[in-house]
Amino acid sequence: MKFPNYQKLLAITILIISFILFLMGNVRIHKVYDTGTAEYGILAFHRISERQLVIDSTFSGVLRKGEKLVSTYDRSQPVGKRPCPT
């Protein structure tokens with residue numbers, strides 16, 4: 001079975017676009033602020049990758065408050081398995 005040239009071109013274009021989006025997601029960094037630091041007038045934050053943000057958001061580890069992303073747990077502790085919210 002032969003595919004027309006426009007289908008091959010479309011498939012290659014979609015593959016390239018998806019690869020570019022994948023790379024952009026791996027290099028993008030977000031600032032996530034700690035919850036307890038705002039009380040003292042200090043805004044401490046951690047820089048996390050897009051991938052880590054997706055994982056944290058899935059388990060309610062990061063919430064959006066206004067324009068800022070706020071962590072709901074202590075990031076200074078070793079990373080372990082977090083309980084599922086459901």
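You can think of it this way: the chain between L23 and T35 has 1.3 nm of extra reach, that is 0.36 nm per residue less the Cα-Cα gap. Each residue of the range 23-29 is assigned a 3J(HN,Hα), and the resulting list reads 5, 4, x, 7, 9, 6, 10 Hz, derived from the Karplus form 6.51 cos²θ - 1.76 cosθ + 1.60 (θ = phi - 60°), x at Gly and Pro. Ordering L53, L43 by the number of other Cβ atoms within 10 Å of each residue's own Cβ, fewest first, gives L43, L53.
No value in this document is a laboratory result; all are computed from the given coordinates. Computed from a predicted structure; not experimentally measured. Don't worry about glycine lacking a Cβ; one is built from the backbone with ideal geometry, like all the others, and counts go over all protein chains shown.
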